[in-house]
Amino acid sequence: MLEIQNLAMRFGGLLAVDGVSLDVQEREIHSIIGPNGAGKTTVFNCMSGFYKPSGGKIIFQGKEIQGKPDYKISRMGMVRTFQHVRLFTQMSVVENLLVAQHRHLNTNLLAGLVKTPNYRERERKSLDRAAYWLERIGMLDQANVDAGNLSYGQQRRLEIARCMVTKPQLLMLDEPAAGLNPAETLELNQLIVSLKEDYSVSVVLIEHDMNLVMDISDRITVINQGRPLASGTPQEVRANKDVIKAYLGEA
Amino acid sequence: MQDLLYFSQQLINGLTIGSAYALIAIGYTMVYGIIGMINFAHGEIYMIGAYTALIAITGLTALGIAWLPLVLVVALVCAILVSSSMGWAVERVAYRPVRGRHRLIPLISAIGMSIFLQNYMHLAQGSRNVGFPILIEGGFNFGSDGAFQMSLSYMQITIFVTTLICMTVLSTFISRSRTGRACRAVSQDLGMANLLGIDTNRIISATFIIGAALAAVAGLLLGMYYGSVDPLFGFIAGLKAFTAAVLGGIGSIPGAMLGGLILGIAESMTSGYLSGEYKDVISFSLLILILLFKPTGLLGKPEVEKI
C-alpha cells in the first residue's frame, strides 16, 4: 500500500537520507531502525509531508505523494505521531478525540446553532466512537481529565487513539515507547498489534526499544548514516552481519 | 451617603465603558490566541460597525420607521453583517498572504490596513464627527434633590446587559460547540489541528468574524452612548481595548473581559476623583505596572518554552 523508492533528502551540503527504499503491505507492522542520527525521523518527515524530499518517490495507494503538504497526506489516511507528545493539553481527554473527528462530522455552523437532528446524530456518533476508543485504551474513567494531567504512558496511548478515530489506513509512530516503563511498553506493544489484527491498519514504526521491535514487527528496514543497510524479517535482520557491525562496531 | 453615591456613580460609569472595552478586547485576544498576531485594524472594524449602525438608523428614520426595538435590531444586524464581512475580508486580503512569515510582517500589514480603513472612512463619510441619535433616553435617579444624585441611565443598563448576553453566548459557544472546540484546538497547536483534518483557515476566518461581530455590537452601543462618531472613533477605543486584552492576559477570553472591566473602572475613578485628563495616564500606567510585575497579564498563562 505504501512504496518508497530511492528517497533522498539533502539539507544544504548534508545528504541526510540517500537511496532509502521501503514497501509496506496491507496489515503489516514495518519498523525502521538504525543508530541515532541514521535518518529515521527524516524518512518519516518526508513520508508525512513535513519535508519535501530532494529525490525519489513515495507512492501511497497508487498515488505519488512526495512533496504534498502534510495535511493533505494525513487526510488521505496516513497519520503520524511525533517523538514528543503533541496532545491538546488544555482540553479534556474526550475532547481530544472529538476534535480529531471534526472533519468527519462536517456540518455547518448554522446546523450547530439550531442543533438539527442530523447534527445531533453525528455528534452522538463521534462521542460513541471516542468512548469506544477510550475503553479500548483503558481510559474511559479519565474521559474528563485534562490531557495535560495524564501520565506519560497514558498520553502516548491517547495520542494513538486520537490517530485511530480519524480512521487511517496507515499509522506512522515515531518512537512511541520512548520514556515508557516496561509495563507501559508491554501495553503499548499489545495495542499496536491489535491495531493491525483488529482494525487492519498498517503501521510504520520508528523505535529504539529492540525488544518491542523484534516482538511485533513483520518486517524491519535498517538504516545507517542515511543509507539502507538491510531489510527483512526480524530473524533475518538479527542475523545480518552488517547490522551487527553497525550496532556493535567492528569486532 | 453622598460619598457612597458618588462612588457608585463612578463604578457604574466604569462598568459601562469597561464592558464595551471588553467586547472589543475579545477580538484582539481571540486573534492573538489563534495566530499570534495583533490585529491593529480591529479598532477600525469597530468604527465601521458604529457607522453602519448610524446609517441604518438614519435610513429607517427616513423611511418613517420609529418603533425602537425594530430600529435597534435592524441597526445591530446591519452593523454585525458589515463588520463581520470586513473582518473576514481584512484577514483574507492583508493577513493570510503573509501568514507564517516573520511576526513583524503581519503586524505592519495590520497597521497599514488600519490606516487604510480610517482614511477610507474620511473619504466616504467625511472627517467631521457625525451626531448619533439618542434612541434610549431616561433612567433612574437616586439621592435627594439639591444634593448629588446618582443616575443610572437605561442606555447604561442596555450596554451592560447586552455585553453580558454576548459574553455568555460566546463562552458557551467556545466551550460547547464543535466549532468552539476546534477553535481551542487550533489555538493550542495549529499544526497538529491541521494534521487532524481541521480546516484551520476556516477556523481562523471564524475567529475574525466573531471578533468583528462583537466589535460591531460595541460600535452601536458606544456610538449611542457617546452620541457621535468620527473616522478616528476606533483608534483610541482600539488602543484601550488592546490595553485591556494585555492587562487581562492576551490570548485569554476571560482575561479580556476582566481587563476591560478593570480598565473601565480605573478610568472612571480617575475622572471622578482626580481629573478627566489623567484617565489615560492612569490606565496606561496600570498597563506598565502589570507588564512589569506579571508580564503574562492577570489571567494569561506563561508560554512554556519547548525543549
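Please verify whether A:SER31 is open to solvent by less than 20 Å² (accessible area, probe 1.4 Å), of a type in the set (S, T, N, Q) and not in a strand (DSSP E or B), treating the condition exactly as stated. Judged against the criteria, A:SER31 is not a match. Within the range B:158-180, the only residue that satisfies the criterion of being under 17 Å from B:GLY27 (Cβ atoms), open to solvent by less than 20 Å² (accessible area, probe 1.4 Å) and either of a type in the set (Gly, Ala, Ser) or within 11 Å of chain A (Cβ to nearest Cβ) (or both) is B:GLY180.
Filtering the range A:98-127 to residues that are modelled with pLDDT of 80 or more and at the interface with chain B (Cβ under 10 Å from one of its Cβ atoms) leaves A:LEU98, A:VAL99, A:ALA100, A:GLN101, A:HIS102, A:ARG122, A:GLU123, A:SER126. Of the set (1) in a helix (DSSP H, G or I); (2) touching a residue at least 12 places away in the same chain (Cβ under 8 Å); (3) more than 11 Å from chain B (Cβ to nearest Cβ); (4) over 30 Å from A:GLY19 (Cα atoms), all apply to A:VAL94 but (3). Annotation note: of B:MET150, B:MET113, the sole residue that is touching a residue at least 24 places away in the same chain (Cβ under 8 Å), surrounded by 12 or more Cβ atoms within 10 Å (Cβ to Cβ) and more than 23 Å from B:GLY238 (Cβ to Cβ) is B:MET150. For first residues located in the range A:116-139 and more than 17 Å from A:SER92 (Cα to Cα), partners that are surrounded by 13 or more Cβ atoms within 10 Å (Cβ to Cβ) and lie 6+ apart or on another chain with Cβ distances below 6 Å form the pairs A:TYR119/A:THR107; A:TYR119/A:ALA111; A:TYR119/A:GLY112; A:ARG122/A:LEU105. Scanning the range B:130-142 for residues that are small (Gly, Ala, Ser) and open to solvent by 40 Å² or more (accessible area, probe 1.4 Å) yields B:GLY131, B:GLY138. Within the range A:52-91, the residues that satisfy the criterion of being among the charged types (D, E, K, R), in a strand (DSSP E or B) and away from every other protein chain (no Cβ under 14 Å) are A:LYS57, A:LYS63, A:GLU64. Scanning the range A:179-207 for residues that are under 11 Å from the mean Cα position of the chain (by Cα) and over 18 Å from A:GLN83 (Cα atoms) yields a count of 2. B:ILE250 fulfils the conditions (1) without any contact (Cβ under 8 Å) to a residue 12 or more places away in the chain; (2) open to solvent by 10 Å² or more (accessible area, probe 1.4 Å) except for a single criterion, (1).
Name the residue that is most open to solvent (accessible area, probe 1.4 Å), counting only residues in the range B:181-198 that are small (Gly, Ala, Ser) and more than 7 Å from chain A (Cβ to nearest Cβ).
First, pick out the residues of the range B:181-198 that are small (Gly, Ala, Ser): B:182, B:185, B:187, B:191, B:193, B:197.
Keeping just the survivors that are more than 7 Å from chain A (Cβ to nearest Cβ) gives B:187, B:191, B:193.
Details: B:SER187: 53, B:GLY191: 33, B:ALA193: 0 Å².
The qualifying residue most open to solvent (accessible area, probe 1.4 Å) is B:SER187.
Quick check: is even one residue across the range A:49-68 assigned by TED's automatic domain parsing to the domain that holds A:PRO176, surrounded by 18 or more Cβ atoms within 10 Å (Cβ to Cβ) and touching a residue at least 60 places away in the same chain (Cβ under 8 Å)? Yes, the range A:49-68 contains at least one residue that is assigned by TED's automatic domain parsing to the domain that holds A:PRO176, surrounded by 18 or more Cβ atoms within 10 Å (Cβ to Cβ) and touching a residue at least 60 places away in the same chain (Cβ under 8 Å). Counting only residues that are within 13 Å of chain B (Cβ to nearest Cβ) and in a loop (DSSP other than H, G, I, E, B), the range A:145-180 holds 4 of them. Residues that are assigned to a helix (DSSP H, G or I) and hydroxyl-bearing (Ser, Thr, Tyr) were ranked within the range B:195-241; the one that is nearest to B:SER252 (Cα to Cα) is B:THR207. Among the residues of the range B:97-106, is there at least one that is part of a strand (DSSP E or B), surrounded by fewer than 14 Cβ atoms within 10 Å (Cβ to Cβ) and either of a type in the set (Phe, Trp, Tyr) or out of contact with any helix residue (DSSP H, G or I) (no Cβ under 9 Å at 6 or more places or on another chain) (or both)? Checking the range B:97-106: not a single residue is part of a strand (DSSP E or B), surrounded by fewer than 14 Cβ atoms within 10 Å (Cβ to Cβ) and either of a type in the set (Phe, Trp, Tyr) or out of contact with any helix residue (DSSP H, G or I) (no Cβ under 9 Å at 6 or more places or on another chain) (or both). Restricting attention to the range B:261-283, does a residue exist that is surrounded by 13 or more Cβ atoms within 10 Å (Cβ to Cβ) and under 23 Å from B:ALA110 (Cα atoms)? No. Please tell me if A:ASP218 is without any contact (Cβ under 8 Å) to a residue 24 or more places away in the chain and assigned by TED's automatic domain parsing to the domain that holds A:ARG27. Considered against the rule, which asks whether it is without any contact (Cβ under 8 Å) to a residue 24 or more places away in the chain and assigned by TED's automatic domain parsing to the domain that holds A:ARG27, A:ASP218 comes out as no. Based on what the data block shows, is A:ILE4 within 13 Å of A:MET172 (Cβ to Cβ), more than 10 Å from chain B (Cβ to nearest Cβ) and in contact with a helix residue (DSSP H, G or I) (Cβ under 6 Å, 6 or more places away or on another chain)? So A:ILE4 does not fit the description; no.
The set of residues from the range A:177-227 being under 26 Å from A:LEU15 (Cα atoms) and crowded, with 21+ Cβ neighbours inside 10 Å comprises A:VAL204, A:LEU205, A:ILE206, A:GLU207, A:ILE220, A:THR221, A:VAL222, A:ILE223, A:GLY226.
The values are calculated or read from the model by the stated rules, or taken from the named source; none is laboratory data. Since we're looking at a predicted model, the values are computed, not measured. Methodologically, a virtual Cβ is constructed for each residue, glycine included, from the backbone with ideal geometry; neighbour enumeration extends over all protein chains shown. All accessible areas refer to the heavy atoms of the entire protein, side chains included, with ligands and DNA or RNA removed. Shrake-Rupley method; radii C 1.70, N 1.55, O 1.52, S 1.80 Å.
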